[in-house]
Every structure is written in C-alpha cells, then in structure tokens.
Amino acid sequence: MNKESKMMRWLNERYNLSLIEHFAEEKKVPHFRGSFWYYFGGVSLFLFIVQVVTGILLLMYYQPGAQTAYESVRFIVMKVQFGWLIRSIHSWSANLMILSVIIHMFSVYFTKAFRKPRELTWYSGFILLALCLTFGFSGYLLPWNTLSYFATKVGTEIVGVVPFVGKPVMEVLRNGSDVTTATLTRFFALHVAVLPALFTVILGVHLLFIQVQGISEPESWKYLPESKKSHIPFFPNFVLRDVLLWLIVLNVLAILAVYFPWELGHKAEPFAPAPIGIKPEWYFLFMFQSLRFFPPKLLGVDGEVLGISLFGLAGFLWFLVPFWDSKTSKGSRNRIVNYVGIGVVLYIIVFTVIGARAK
Amino acid sequence: MMDVPSTGKMSRRTFLDYFLGLSVVAWLAAVLYPIIDYFRVPPQTEAAPSSVVAGSVKDFKPNSGKVFRFGNEPAILVDTPDGKLEAFSAVCTHLQCTVQYRPDMQRIWCACHGGVYDLNGRNISGPPPRPLTGYKVAVKGDDIVVSKS
Ligand code: HEM
Ligand code: FES
C-alpha cells in the first residue's frame, strides 16, 4: 500500500493494520469441482443477517399477546409503509435460511469436513441448526393465526409425549398446561432475545474454529502433491464471489417476497374447532408425516412415543458422526457414511413430498 | 496434584484444589438454581367452573353441534340426530386439537389427523387413544346447562 490514504495512515499509526492486511493476503480457499457447496455457509450467514435486520424492524410495531399479536401484524402488513415487504422478507428469508443451513450441513457431511480436526466445528454447526429450527418454531406462533395456534398446540403436545421429561418441558414451553397468551409471551422472549443471543455466540465460535483451521480440503486431495492442489485467494477472489452470491440471494428473496407475499391467515380462536390442513412448517413435515404412519400402539408402546424416540436417537447419531466414522479419520474411505447420508437425504425428501401432498 | 502423599493425608495443594472446585460448583448452583426455577410455571388460582350454560334450547336442532367455552377449555354440545343432547370435552385425546361435529358423518371429528368419535364420545377410528371426557347435560328452562360429573 504505497498510496495510503490519509485515514489509512492515521489508523495504521495506531492499530498496525498490516496484521489484517497480511492475514487477508495469506488466506486461501481450496478450489475444486465440489467447491460450489462451500458457499452455503456464507449464504446462511447472510440470511441470518437479513433476519436480524428485518426482525428488529418488525419489533418496532409488533405487540405480543392474544389480543394484540394478530392485530399488530395485520397493522404492519396493511398500514405501515413497506410493512408487508418487511414481514414477507422475514418469513421467506427464515425458510430460505433453514434450507440453506440444511444444504450446508449435508455438503459438510458428504465432503467429510467433519472429521478430525474439525469435530467441534461440526458439533457447533449442528447446534446452530437446532437453534434455527427453534427460531422457526417460535416465530411461527407470533402472528397468532389459526394455523400457527393449532400447529403449536400439536407440536408442543408431541414434546409432552416424550417419556419422563416430556410433560415438564412441555409446560415450561407453553408457560402453563395449554397454549395461551402466556405461551405467546414465552415464545416471543425466546424468539427475539434468548435465541438471537445464543445464536450469535455459537455462530461466533463456529466461525472462529473455521478461521483458525482454514477450510478443509476435499478427500480426493489426500495424496496429491502440493503443486497439484489449486487454491484461490480468499481476498479478493472468494469474497467477491461470496458477495455476488449474496446479491443473487437478496434478489431471489425480493422476488419471492413481492410476488408471493406471506399470508396472514385468520386470527386464532382457541374456542373454535381446529381447521382442516393443520401442518407444521415444511422442515418438520417429514417427521410429522412419519408419525402418521406409526400405529397407535406397537408392542404395547404408544406409537408416538416410539416414533419420537426413534427420531431423537437418529438425530443424536447424526450429531455424533465424527465418533462412529472412525475410518475416514484414519485415512481409509468409509463408504457407510455415504450410504447413510444418501439414505437420510432420500428419506427426508420422500416423506416431505408425501407430507406436502397429503391433505 | 502429582504429589499426593501416600500417608493418606491430603497435601495442602490438593485440599485447596478441591476446596476451590467445590466453591465454583456451589457458586454456579446458587446462580443457576433461581434462574431455572424461574421458568417453572407458578400455579394459577383461577377456579375452573363446574358448570356452564352452553346455549339455549331454541338455538339447537337435531344433527348439529356447537363448540363452547367451559372454563379454560373448549367443550362440545351435540344435538344427536334423534334429538338427544350430549356434551363432551372438545379437546381431542390425540394431540389436543379442538374437535367438531360433522352432520354428514353424524360423528364427532377432529380435523388435525382425522380422529373420529361416536356420539357417546368413544374413539372409533383414527389416532385418538381414549374417548372424550363426557359431561352431564341438564335443561333448566330454556338454558342448556353442562356440568362436570
Ligand atoms: C434477532 C433476530 C430476530 C428478531 C428480532 C425477530 C423478530 C420477529 C418478530 C417481532 C416476529 C413477529 C412478526 C411477524 O410475525 O411477522 C417474527 C416472526 C417470525 N420469525 Fe423472527 N426474528 C429474528 C430472527 C429470526 C430467525 C433467525 C428466524 C428463522 C430462522 C425467524 C423466523 C421467524 C418466523 C418463521 C416468523 C413468523 C413470520 C410470520 O408468519 O409473520 N426469525 N420474528
Ligand atoms: S389431534 Fe385430533 S386426531 Fe390428532
């Protein structure tokens, strides 16, 4: 930097910017056929930022409470300038963010980026996904419409089915034995305070791990000589591509939000019959649909209890993949990991489609 | 910590380590306990009514039903096709959706997962594991009074 601007010189005298400069020059990113999938982490990050910004904007008008929540969201959509746009973007971006995080997770899984030394990155990423789902579940109730009211009722009741801990956890979630305005208060606190704080901290840790260890190289590079590996510099090449992709995502988001505005539905009426078409959000559909296939009783065990226990176990094993995939870390290929992964992807897709088509 | 004397006596160092460790645990417990307990829902002292007027006889005709509020819960009153009045809790025993009367089926039906109950509240198809809780119905003048039995 020979043509330093005045400000740069001022800063440099005080903070030794050459450190950052050096860092940006050194950092590089592996470049290969599958590196497209690397960008979904960045896209997820971008969508989270969109959520924080639009969420804070919604907070300027939103009022929790059974008598005010629906009315305030309707006010946002009908009266507030661009309110419909902000709400629509928050809803669309929430869904795209979860989709992007899921794609990111599977690409990490299939490139085996979770293996040693990146186990902790995988664990923190898994927690981030769980937090995303909790964000979605808690946000869904906030507009207090019929569908979200009954879906929350069913969703929390399913938590209550879990043996031993289920009932107490359900009551803590609902803030009582039923879904009421007290539940709305609690979900609101979760959604706008607890989760953002937790998410930000864990995201920071996740990014720190990645920063310290660098981005993982693909499996196929293991025995390649250094000269055969191709990299692109992080700055500016990778960053520019990232920014370009963010712009594309922002445009997609704008198109979706404008041409397919998010519906508000009808205000929840706790003392009216449940409407037809109660469904959870799409990312819970595959589990919801599977539970429907369980018989009410199986070998004397409640079908729901069994189903939930199985999903809990499966999720736990997925979380622990760095443990049971011991071969990959020792250098030999472990095909089982791929088969399991493909099986899981197919299962989720098939059951989501069945669930979406069921009436 | 390496030099625990074999005489069985604790070195001053080990003792201090234990002491500090315990203090940290106690401190954490003292901080966390009230926070965790804060989330437990305090008991509500709102007494649930034991009976409620569900409507007027004049508003009902055979083969119809109505969901009404009974304390903090929805309940359902059914005027059966042969003109009898029956009342149940309207909370589906499957996952707590609110049931409704289906004149076309002459049954009580839950829209959430298609649970079906007969006009005695018995679960006859779909996922519900138990019958609906039944209530007593009495007609006083024009009022239909529903009470918990
Ligand atoms: C700091 C972060 C956030 C804040 C302050 C925030 C705030 C809010 C507020 C005030 C609402 C109610 C208004 C409305 O329903 O339109 C809401 C709804 C919602 N939020 Fe968030 N949010 C944040 C992050 C997120 C994230 C990360 C997700 C998902 C991954 C999410 C998903 C949702 C969903 C699905 C709704 C329901 C939208 C609707 O149907 O109207 N939010 N949020
Ligand atoms: S809640 Fe009624 S059938 Fe599931």
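Filtered by the rule that a residue be touching a helix residue (DSSP H, G or I) at 6+ places or on another chain (Cβ under 6 Å) and assigned to a helix (DSSP H, G or I), segment A:141-165 gives A:LEU141, A:SER148, A:THR152, A:THR156, A:VAL159, A:GLY160, A:VAL161.
Selection of segment A:273-284 for residues being within 14 Å of another protein chain (Cβ to nearest Cβ) and either over 22 Å from A:VAL179 (Cα atoms) or touching a helix residue (DSSP H, G or I) at 6+ places or on another chain (Cβ under 8 Å) (or both) yields A:ALA274, A:PRO275, A:GLY277, A:ILE278, A:LYS279, A:PRO280, A:PHE284. In summary, helices (runs of 4 or more DSSP H) completely within segment A:215-331 and bearing 3 or more residues that are under 21 Å from the mean Cα position of the chain (by Cα) and among the small types (Gly, Ala, Ser) occur at A:303-319. Look at A:VAL73 and say whether it is farther than 16 Å from A:GLN51 by Cβ and assigned to a loop (DSSP other than H, G, I, E, B). Considered against the rule, which asks whether it is farther than 16 Å from A:GLN51 by Cβ and assigned to a loop (DSSP other than H, G, I, E, B), A:VAL73 comes out as no.
Candidates B:VAL78, B:VAL145: the one that is touching a residue at least 40 places away in the same chain (Cβ under 8 Å) and surrounded by 20 or more Cβ atoms within 10 Å (Cβ to Cβ) is B:VAL78. Checked against the criterion of being modelled with pLDDT of 95 or more, polar (S, T, N, Q), out of contact with any Asp or Glu (no Cβ under 8 Å at 6 or more places or on another chain) and within 30 Å of A:GLN213 (Cβ to Cβ), segment A:87-97 has at least one qualifying residue.
Filtering B:VAL57, B:VAL99, B:VAL91, B:VAL116 for residues that are in contact (Cβ under 8 Å) with a residue 60 or more places away in the chain and away from ligand 1 (no atom under 16 Å from the Cβ) leaves a single hit, B:VAL57.
Here B:ILE124 clears all of (1) more than 16 Å from ligand 2 (Cβ to nearest atom); (2) of a type in the set (A, V, I, L, M, F, W, C); (3) surrounded by fewer than 17 Cβ atoms within 10 Å (Cβ to Cβ) except the condition numbered (1).
Residue under question is A:LYS112, and the condition is that it be surrounded by fewer than 22 Cβ atoms within 10 Å (Cβ to Cβ) and either within 14 Å of chain B (Cβ to nearest Cβ) or more than 21 Å from the chain's Cα centre (by Cα) (or both); does it hold? Taking the combined requirement at face value, the residue does not satisfy it. Pick from segment A:316-327 the residues that are surrounded by fewer than 14 Cβ atoms within 10 Å (Cβ to Cβ) and at pLDDT 90 or above: which of them is farthest from A:PHE288 (Cα to Cα)? Step by step, filter segment A:316-327, then rank; the result is A:LEU317. Scan segment B:127-137 for residues that are free of Cβ contacts under 8 Å to residues at least 60 places away in the same chain and either surrounded by fewer than 19 Cβ atoms within 10 Å (Cβ to Cβ) or within 17 Å of the chain's Cα centre (by Cα) (or both) and jot them down. B:PRO128, B:PRO129, B:ARG130, B:PRO131, B:LEU132, B:THR133, B:GLY134, B:LYS136, listed by residue number. The condition (being aliphatic (A, V, I, L, M), at pLDDT 95 or above, more than 28 Å from A:ALA69 (Cβ to Cβ) and surrounded by 15 or more Cβ atoms within 10 Å (Cβ to Cβ)) is satisfied by just one residue among A:VAL249, A:VAL192, A:VAL239: A:VAL249.
In segment A:108-164, of all residues being near ligand 1 (Cβ under 10 Å from one of its atoms) and of a type in the set (S, T, N, Q), the one that is nearest to A:ARG74 (Cα to Cα) corresponds to A:ASN145. Restricting the first member to segment A:48-69 and to residues that are closer than 17 Å to A:LEU85 by Cβ, and the second to residues that are near ligand 1 (Cβ under 9 Å from one of its atoms) and not in a helix (DSSP H, G or I), the beta-carbon pairs closer than 8 Å and six or more apart or on different chains are A:TYR62/A:LEU142. Can we say A:VAL194 is within 13 Å of chain B (Cβ to nearest Cβ), more than 30 Å from A:PHE294 (Cβ to Cβ), within 22 Å of the chain's Cα centre (by Cα) and not in a loop (DSSP other than H, G, I, E, B)? Criteria met by A:VAL194.
If the requirement is being buried (at least 19 other Cβ atoms within 10 Å of the Cβ) and part of a helix (DSSP H, G or I), which of these qualifies: A:SER93, A:SER107?
Sole residue among the options that is buried (at least 19 other Cβ atoms within 10 Å of the Cβ) and part of a helix (DSSP H, G or I): A:SER93.
For (1) within 14 Å of chain B (Cβ to nearest Cβ); (2) in contact (Cβ under 8 Å) with a residue 12 or more places away in the chain, each residue gets a yes or a no:
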position: A:VAL162; (1), (2): yes, yes
position: A:GLY166; (1), (2): yes, no
position: A:PHE187; (1), (2): yes, yes
position: A:GLN211; (1), (2): no, no
position: A:GLY214; (1), (2): no, yes
position: A:SER230; (1), (2): no, yes
position: A:ARG241; (1), (2): no, yes
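Just so you know, in segment B:44-72 the residues that are at pLDDT below 90 and facing another protein chain (nearest Cβ under 10 Å) include one that is farthest from A:THR181 (Cα to Cα), and it is B:GLN44. Among residues of segment A:291-306 that are facing chain B (nearest Cβ under 9 Å), those with a Cβ under 6 angstrom from a residue that is loosely packed, with under 13 Cβ neighbours inside 10 Å, sequence gap 6+ or separate chain, pair up as A:GLY303/A:PRO295. As for segment A:78-86, it holds no residue that is over 25 Å from A:ILE255 (Cβ atoms) and surrounded by fewer than 18 Cβ atoms within 10 Å (Cβ to Cβ). For segment B:76-117, a residue qualifies if it is more than 8 Å from ligand 2 (Cβ to nearest atom), facing another protein chain (nearest Cβ under 8 Å) and not hydrophobic (A, V, I, L, M, F, W, C), and the qualifying residues are B:THR98, B:GLN100. Are any residues in segment A:71-90 farther than 14 Å from A:PRO143 by Cβ and aliphatic (A, V, I, L, M), and if so, which ones? Selection gives A:VAL80, A:LEU85, A:ILE89.
The values are calculated or read from the model by the stated rules, or taken from the named source; none is laboratory data. What you see is a predicted model, and the numbers here were worked out from it, not measured in a lab. Note that we place each Cβ from the backbone using ideal geometry, even for glycine, and neighbour counts take in every protein chain shown.
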